[in-house]
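Written below as structure tokens is the structure these notes are about.
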Amino acid sequence: MNRYLPAEWHPQYAIQLTWPHAETDWHWILADIQVFYINLINTILEHEHVILSVQDLSLVETINRSLKQKKFKCHYYASQNNDTWTRDHGPIAVIENNKLVIKDFIFNGWGQKFDASLDNQITQNLFNQNAYPSDQLDKVNFILEGGSIESDGKGCLLTTRQCLLNTNRNSSLNQAQIEQLLSSQLGIKKVLWLNHGDLLGDDTDAHIDTLARFAPNNQIIFQGCNDKNDAHFDELQKMKAQLSELTNCPNEPFKLIELPWPDAQYDTESNDRLPATYANFLFINNAVLLPTYGTPQDPIAVQTMQQALPEYKIIPIDCSMVIRQFGSLHCLTMQIPAAVNP
């Protein structure tokens with residue numbers, strides 16, 4: 001069987017999101033984050049459909065009034081939720097013989113740090129409502145978040161030891177067993193393990209989508225740090241060195257693109273460090289949404305991305321509010337591939 005995990009830049013049917021409500025952790029800035037979601041959805045609808053999971057379908061009319069009329073549509077589906085980090089509770093879709101198959105892995109709140117019992121049911125609930133262009137859902141007895149893995153679409157998977165080998169996920173499995181499961185479920189031929197890289201304020205145990213990302217033309221775009229006085233300097237320098245040694249399935253080295261290090265961001269009330277990273281970008285059809293944070297490095301990050309991805313429109317998205325809940329743009333979203341040849 002021809003099975004593979006598409007790269008994020010594979011043609012997409014939709015981006016899936018989960019709407020924030022008063023019972024989520026956004027309750028203290030709910031109105032502001034809902035405006036952020038409306039603006040984000042309007043941006044995505046210029047390029048593709050949106051699948052929006054909402055607590056109650058009575059919200060549809062209110063949300064719809066704020067959306068601009070596009071050629072693409074926002075499709076609503078009802079499902080209760082604990083929070084809104086769709087990258088990690090959403091489906092992971094593979095292509096099997098040009099057919100889209102939805103994989104429903106277990107989400108346990110990043111190692112049982114938070115209640116995720118409702119979030120863990122969203123994929124099944126939306127599949128039951130025909131949200132996806134697929135008639136096959138495979139439930140997998142394995143804890144896995146979408147933000148913890150990166151696929152180049154050609155058999156290579158990039159991840160971190162700190163997350164996938166963490167005893168708070170799948171403690172009964174060793175590295176070889178995890179690699180075998182990734183191979184059998186996702187069609188992975190080669191797993192690349194990063195030993196370094198972690199952001200202060202990140203609850204995910206070093207998700208790869210905060211650190212280093214595959215991109216077209218055999219590139220890895222990664223979050224650099226050139227400030228020797230910053231707490232992240234040593235770890236991100238070691239990560240950069242390891243990335244330079246990695247090779248793809250044909251054993252070719254990757255071309256590395258280093259993103260600038262944004263000025264440190266802190267919570268205005270607790271003064272906790274916030275995990276600002278430009279690596280948390282999102283591919284959509286013909287464009288890349290790039291998180292920005294109102295820092296002097298923002299335009300440099302945009303320029304770096306445009307040079308690395310000249311065929312894409314780079315769209316900056318101010319995520320300074322999103323990181324107040326310790327995640328960013330990519331963490332909120334999950335792409336649903338189109339079942340066509342890449």
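In table form, for the structure just shown:
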| quantity | calculated |
| --- | --- |
| Filter result for the condition that a residue is in contact with an Asp or Glu (Cβ under 9 Å, 6 or more places away or on another chain) and outside any loop (DSSP other than H, G, I, E, B), over Ala31, Ala7, Ala14 | Ala14 |
| Enumeration of residues in region 233-288 that are outside any loop (DSSP other than H, G, I, E, B), of a type in the set (A, V, I, L, M, F, W, C) and under 17 Å from Leu158 (Cβ atoms) | Leu236, Met239, Ala241, Leu243, Leu256, Ile257, Leu259, Leu282, Phe283 |
| Test: Leu243 is open to solvent by less than 20 Å² (accessible area, probe 1.4 Å) and either over 17 Å from Leu194 (Cα atoms) or of a type in the set (Ser, Thr, Tyr) (or both) | no |
| Conditions (1) surrounded by 15 or more Cβ atoms within 10 Å (Cβ to Cβ); (2) over 25 Å from Thr43 (Cα atoms); (3) of a type in the set (D, E, K, R): number failed by Lys99 | (1) |
| Single unsatisfied condition, Tyr37 versus (1) under 15 Å from Thr86 (Cα atoms); (2) not in a helix (DSSP H, G or I) | (2) |
| Residue within region 48-63 that is within 26 Å of Leu158 (Cα to Cα), touching a residue at least 40 places away in the same chain (Cβ under 8 Å) and within 19 Å of the chain's Cα centre (by Cα) present | no |
| Positions within region 316-333 being open to solvent by less than 30 Å² (accessible area, probe 1.4 Å) and either under 23 Å from Glu48 (Cα atoms) or assigned to a loop (DSSP other than H, G, I, E, B) (or both), in sequence order | Ile317, Cys319, Val322, Gly327, Ser328, Leu329, His330, Cys331, Leu332, Thr333 |
| Qualifying residue in region 123-132 (condition: in contact (Cβ under 8 Å) with a residue 12 or more places away in the chain, open to solvent by less than 10 Å² (accessible area, probe 1.4 Å) and in contact with a Gly (Cβ under 8 Å, 6 or more places away or on another chain)) | yes |
| Whichever residue in region 168-227 is basic (Lys, Arg) and under 20 Å from the mean Cα position of the chain (by Cα) and, among such residues, is least open to solvent (accessible area, probe 1.4 Å) | Arg213 |
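Residue by residue, here is whether (1) of a type outside the set (A, V, I, L, M, F, W, C); (2) at pLDDT 95 or above; (3) open to solvent by less than 30 Å² (accessible area, probe 1.4 Å) holds:
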{"residue": "Leu40", "(1), (2), (3)": "no, yes, yes"}
{"residue": "Val54", "(1), (2), (3)": "no, yes, yes"}
{"residue": "Glu61", "(1), (2), (3)": "yes, no, no"}
{"residue": "Cys74", "(1), (2), (3)": "no, yes, yes"}
{"residue": "Thr84", "(1), (2), (3)": "yes, yes, yes"}
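The values are calculated or read from the model by the stated rules, or taken from the named source; none is laboratory data. Predicted, not measured: the structure shown is a model, and the values here were computed from it. All Cβ positions, even for glycine, are placed from backbone atoms using ideal geometry, and neighbour counts span all protein chains on display. SASA here: full protein model, heavy atoms, side chains in, ligands and nucleic acids out. Shrake-Rupley method; radii C 1.70, N 1.55, O 1.52, S 1.80 Å.
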